[in-house]
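The values are calculated or read from the model by the stated rules, or taken from the named source; none is laboratory data. As the structure is a prediction and not an experimental result, all values here were calculated from the model. Backbone-built Cβ (ideal geometry, glycine too); neighbour counts: all protein chains shown.
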Amino acid sequence: MGDLGLTPAETEGSAQRQALLDRRTHMLKVHQRLGLITVIPVAAACISAAGAPPEHGNYGNTTSRDVHVALGAAAVAMYGATAYYAIRAPKVSNEPARGGIKWHKYLIYIHAPGMVLTPILGAMAFNQINSGQKVHGIASAHGGVAAATAISYGAAIVAVSWPIHIKF
Amino acid sequence: MKRLPLLAILLLTLPVASVHAQSPDQAWNLDQSTLTYHMSHPMHEVDGTSRAARGKGVCHAGQCDFLVAAPVKSFDSGDSNRDLHMLQVTRGAQFPLIQVRFRLPQGSLASPTLDCDLEVEFAGNTAHYAHVQFHQTIEGNAHHIVGIVPATLTDFKIDPPSFLTIPIKNDIPVRVDLTWHPS
């Protein structure tokens with residue numbers, strides 16, 4: 001192989017490096033699976049948001065708001081577990097990301113802060129409603145931040161699957 | 001005393017004859033190469049290309065032996081995550097090279113179609129492909145060869161990776177485009 005001009009680094013195998021790659025793939029497969037499952041509570045939280053604000057000043061009925069809070073909490077918890085597997089997956093290359101994975105990573109800068117901010121703003125809005133107030137101040141951004149987070153999360157899933165050529 | 005010069009001549013000519021037997025009649029170098037694998041999935045069609053293959057050919061007594069080798073990690077599909085996953089499923093860190101060996105009669109090297117029996121070492125396994133046809137065009141010293149190696153995942157005991165629980169197709173044909181020069 002030396003005759004061909006290949007360096008030892010190119011020709012010598014490493015079981016240790018293979019094990020690292022195997023571990024990375026395993027963790028990213030779990031990340032992918034959890035990420036897809038997380039779509040369910042995220043979508044459900046978005047749908048249930050329609051029933052969360054008090055209707056016609058009726059601040060007493062909290063059922064639909066409680067359902068929305070529970071679904072939102074589940075979405076954030078699932079998102080945290082999904083992120084854990086991506087963060088903990090071993091890094092095996094220092095080369096810059098190319099292709100869809102690059103956009104998947106860029107979108108983290110939108111949905112990750114969004115997943116932190118959305119429940120904080122939601123809790124503020126929840127407290128304001130519970131104390132008989134209209135949602136005001138920064139808490140009124142809860143819906144907008146949540147929508148941006150959900151859209152960027154969906155875009156991150158599409159980005160990592162891109163380009164899609166459906167052919168059966 | 002008459003035997004001594006004879007013995008000396010024999011001893012002197014023997015190494016020369018041996019060197020003649022080992023030196024090749026003709027040698028070939030791979031100048032340019034493009035290897036492209038194709039992967040199919042109901043949602044994706046992917047091509048991964050390597051231009052990093054190296055190769056040599058040596059001819060002896062009318063037979064030419066060729067070797068082409070390419071690092072598995074040199075294949076670029078346009079997505080670094082997919083390339084790393086490909087490297088993992090093909091056990092590319094443990095077996096970093098794809099090696100292809102084939103033998104051709106020296107007399108056939110100028111023919112427009114080359115019929116090759118390939119021995120391919122990849123992912124820690126060896127597969128044989130009989131009568132793979134390559135088309136050749138010759139311009140001056142450059143022998144330009146194109147063809148497709150009908151490789152499959154099962155040939156190399158590679159577990160098919162899946163996306164949304166659907167595995168990729170077993171066929172991973174490799175398009176070969178090589179330019180050889182006699183040295």
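Values for this structure:
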| item | result |
| --- | --- |
| Hits in region B:140-157 - residues which are within 16 Å of the chain's Cα centre (by Cα) and in a loop (DSSP other than H, G, I, E, B) | B:P150, B:A151 |
| Residue in region A:133-156 that is assigned to a helix (DSSP H, G or I) and within 14 Å of chain B (Cβ to nearest Cβ) present | yes |
| Selection count where residues are free of Cβ contacts under 8 Å to residues at least 40 places away in the same chain, more than 7 Å from every other protein chain (Cβ to nearest Cβ) and within 11 Å of the chain's Cα centre (by Cα), scope region B:66-85 | 3 |
| Subset of region A:135-168 [of a type outside the set (G, A, S) and modelled with pLDDT of 90 or more] | A:V135, A:H136, A:I138, A:H142, A:V145, A:T149, A:I151, A:Y153, A:I157, A:V158 |
| Every pair of residues 6+ apart whose Cβ atoms lie under 6 Å, when the first sits in region B:86-100 and is facing chain A (nearest Cβ under 7 Å) while the second is assigned to a loop (DSSP other than H, G, I, E, B) | B:R91/B:A123; B:R91/B:G124; B:A93/A:S14; B:Q94/A:G13; B:F95/A:G13; B:F95/B:A123; B:F95/B:G124; B:P96/A:G13 |
